[in-house]
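Each reported figure results from applying straightforward, stated rules to the coordinates on display, with no laboratory input. Quantities reported herein were computed from a predicted structural model and do not represent experimental measurements. Cβ placement follows ideal geometry from the backbone for every residue including glycine, while neighbour counts extend to all protein chains displayed.
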Amino acid sequence: MATTVTTSDLTVSITESYTLNGVEYGGTTSKVFSNNGEVIKRVMRVGTASFDSVFDYETEGLQADYKYMRITNMDDTNFISLQFFNTNLDAFWVKLKAGESFLLMDNEYEINEGAATFGAFYDLSRIAAKSDTLGCDLEFLSIVM
């Protein structure tokens with residue numbers, strides 16, 4: 001059976017607008033991600049006891065198809081800790097305050113805190129989250145090929 005899904009492009013635009021002493025700063029930058037055929041979107045509550053799985057690209061077999069990811073903290077008071085792992089089991093953490101968003105436009109990164117030089121890029125493998133003091137809702141959006 002042939003698919004009936006028609007791929008399309010995702011355009012992500014970031015606009016910064018700031019005026020200081022009557023001088024305007026900022027601008028708009030856009031990036032187009034072409035030929036996307038799958039959207040993963042969910043709103044979920046994360047708890048405080050342990051890190052909850054947000055998405056596992058490796059288990060879903062989508063590492064090679066990853067193009068874009070955004071996580072938004074939908075809480076109006078509390079922060080969320082995000083945990084990102086790559087296929088080398090390296091991890092990094094991001095504190096996402098109330099109402100903030102974090103996005104990745106590439107699926108490869110390298111973290112090697114003991115190295116003085118660059119090693120190698122590894123694919124994003126999985127994402128987990130934990131809320132600060134109360135359960136918080138987050139929105140997860142990912143575009144894959």
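Could you grab the relative contact order for the chain? Cα pairs under 8 Å, six or more apart, rounded to a whole percent.
Working: 319 pairs, mean separation 48.2, N = 145.
Over the chain, the number comes to 33 percent.
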Run the numbers on the stretch 27-108 and let me know its relative contact order in percent, using alpha-carbon pairs under 8 Å that are six or more apart. 28
Pull out the extension gain between Phe33 and Ser101, defined as 0.36 nm times the separation in residues minus the alpha carbon to alpha carbon distance; nm, one decimal. 22.6 nm
Listed residue (Leu103, Ser17, Tyr66) projecting farthest to the positive dipole end of the stretch 1-105, Cβ model: Ser17
Charges on Cβ only, +1 for Lys and Arg, -1 for Asp and Glu, centred on the Cα centroid of the chain; of Asn88, Ala116, Thr4, which one is farthest towards the dipole's positive end? Thr4
What does the charge dipole of the stretch 89-145 about its Cα centre add up to, to the nearest 20 debye, if the Cβ of each Lys and Arg holds +1 and the Cβ of each Asp and Glu holds -1? 180
State the Cα centre-to-centre distance between the stretch 99-139 and the stretch 1-32 in whole Å. 21
